[in-house]
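The values are calculated or read from the model by the stated rules, or taken from the named source; none is laboratory data. Computed from a predicted model, the values in this text were never measured in an experiment. Cβ sites come from the backbone with ideal geometry, for glycine too, and all protein chains shown count toward neighbours.
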Amino acid sequence: MYTVPNYNRMLADRVRVEAYANALRRTVRPDSMVVDIGAGTGILTLLACRFGARRVFTIETDDVIQVAREVIRANGYTDRVEFFQQPSTSVTLPESADVVVSDLHGVLPLFQSHLPAIVDARRRLLKPGGVLIPSLETMWAAVAEVPDVYSNQVAAQVPDGLQFDFGPARRLACNDLLKARVSPEQLLVDPQCWATLDYSSLESPHLSAHLRWIAKRDGTAHGIVLWFDTILVPGVEFSNSPAAPELVYGRALLPLEQPVSLMEGDGVSLTLHANFVKSDYLWRWNTCVTDGASPAKVKAEFVQSSFYAAPLSPAQLRKQSADHVPALLPEAEVDYFVLTQFRAGKPLGQIARCLVETFPGQFASEVDALTHVAELSLKYSR
């Protein structure tokens, strides 16, 4: 979950903000209806209003939407903005939009529910012929030599002299998608495009690619660096490539299981899959390094997946098995009781008093009980 300082870092990214401002300046007209998805503290809503939008529907799931409300009020645009604190896929609008704008990226456009949200917005919220911002994104990949990133995030060593084996932690870390600083000088191969996201026609959130490079110099391969180029509207674009100015997004790195020494002319092949599962992406990357002098000779081969990056205990896995018979924990009994009271239409204060009476010893006071009931109300009630 983003904090306000996180959103402030985005505001401070001059390249990003000015690009979005230029895109909205070119597309918003005095009669435009605009949808801002993932509004954060409201900068894109403000820009749409400044450029003359008749109406802006501002959508944000997080409580930071209250900050956006106050920001919009402070800038005098309250009469033109309607707020929705729910996923855009659950929003029904009174009219279709001329412009749908969003910045739902993480380190890549493949971030949480970004792509499904944009596909849904194009189908349900945007007028035929309306404008999607961004309109097109291209993702790139290259083999990189990043010893500092690798030693700090994958193969971190305990201080000299302690002599502990942290191999099990390393096995998880090398299967995780990392955020990294990478310069053009650290690339061992020429970049290749591995996916293009044309939001005017995109249907599936799942992507895959097969790439092959020839090492252009000697070095040590530590991972595959990924980045994106964005076209917001024709003529307005930016990039988080290693050659571009540093942006708030950073760059992504898929680490190799082990560093591999490359000689100029060696081959590196990659099969890459990004599959949307529930609410985020599962990454799989299979890498094979072959000898340039003898292409049939395999120098290294790795099969990796972000599935292997999650620590999993046997006890937790057993609870998810098909033959497990669950027994409610004491705290679950409390929550079950509260939810039945919700269904009965009881007010929170009355439920809190009943909690103290029904579960003596579970809560130090009625105030503590009300706090717990309020948390469940935030999670489960309308």
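For this structure, a couple of remarks:
- Residue list for segment 8-36, filter: under 20 Å from the mean Cα position of the chain (by Cα) and small (G, A, S): A12
- Evaluation of Q341 against the conditions (1) under 33 Å from the mean Cα position of the chain (by Cα); (2) in a helix (DSSP H, G or I) shows that the sole unmet condition is (1).
- Filter result for L211 (buried (at least 21 other Cβ atoms within 10 Å of the Cβ) and in contact with a strand residue (DSSP E or B) (Cβ under 6 Å, 6 or more places away or on another chain)): no
- Residue in segment 184-203 that is nearest to P245 (Cα to Cα), counting only those that are in contact with a helix residue (DSSP H, G or I) (Cβ under 8 Å, 6 or more places away or on another chain) and either at pLDDT below 95 or not polar (S, T, N, Q) (or both): L197
- Residue in segment 4-21 that is touching a Lys or Arg at 6+ places or on another chain (Cβ under 8 Å) and in contact (Cβ under 8 Å) with a residue 24 or more places away in the chain present: yes
- Considering residues of segment 69-89 that are among the β-branched types (V, I, T) and under 29 Å from N240 (Cα atoms) only, the residue surrounded by the fewest Cβ atoms within 10 Å (Cβ to Cβ): T89
Yes/no matrix, rows are residues, columns are (1) crowded, with 19+ Cβ neighbours inside 10 Å; (2) over 20 Å from E237 (Cα atoms); (3) not assigned by TED's automatic domain parsing to the domain that holds L93:
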site	(1), (2), (3)
N8	no, yes, no
A12	no, no, no
V15	no, no, no
Y20	yes, no, no
R25	no, no, no
R29	no, yes, no
S32	yes, yes, no
D36	yes, no, no
G42	yes, yes, no
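- Qualifying residues in segment 90-126 (those that are surrounded by 16 or more Cβ atoms within 10 Å (Cβ to Cβ) and among the acidic types (D, E)) - the one modelled with the lowest pLDDT: D103
- Residue list for segment 96-144, filter: small (G, A, S), under 24 Å from A274 (Cα atoms) and in a loop (DSSP other than H, G, I, E, B): G106, S113, S135
- Contact map, segment 144-156: residues that are at pLDDT 95 or above paired with residues that are in a helix (DSSP H, G or I), Cβ distance under 6 Å, separation 6+ or inter-chain. Pairs shown: A144/Q186; E145/Q186; V146/Q186.
- Some residue of segment 322-332 being under 30 Å from Q86 (Cα atoms) and surrounded by 12 or more Cβ atoms within 10 Å (Cβ to Cβ): no
- Residue, surrounded by the most Cβ atoms within 10 Å (Cβ to Cβ), within segment 241-282, restricted to residues that are on the phi > 0 side of the Ramachandran plot and modelled with pLDDT under 95: G250
- Being assigned to a strand (DSSP E or B), outside the structural domain of P87 (by TED's automatic domain parsing), without any contact (Cβ under 8 Å) to a residue 60 or more places away in the chain and surrounded by fewer than 18 Cβ atoms within 10 Å (Cβ to Cβ) is a property that S294 lacks.
- Filter result (assigned to a helix (DSSP H, G or I) and of a type in the set (G, A, S)) within segment 344-382: G349, A352, A369, A374, S377
- Contact map, segment 99-122: first residue more than 23 Å from L254 (Cα to Cα), second residue acidic (D, E), Cβ cut-off under 6 Å, separation 6 or more or different chains; pairs are V101/D36.
A quick yes/no check of all residues on (1) over 22 Å from L125 (Cα atoms); (2) assigned to a loop (DSSP other than H, G, I, E, B); (3) among the polar types (S, T, N, Q):
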site	(1), (2), (3)
R16	yes, no, no
R29	no, yes, no
L46	no, no, no
F57	no, no, no
T61	no, yes, yes
R73	yes, no, no
F83	no, no, no
P94	no, yes, no
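- Checking A53, A141, A48, A74 one by one, the residue that is assigned by TED's automatic domain parsing to the domain that holds W194 and aliphatic (A, V, I, L, M) is A141 and no other.
- Qualifying residue in segment 147-158 (condition: closer than 30 Å to R26 by Cβ and not in a loop (DSSP other than H, G, I, E, B)): no
- Any hit, segment 297-304, residues being farther than 30 Å from A169 by Cα, without any contact (Cβ under 8 Å) to a residue 40 or more places away in the chain, surrounded by 15 or more Cβ atoms within 10 Å (Cβ to Cβ) and over 34 Å from the mean Cα position of the chain (by Cα): no
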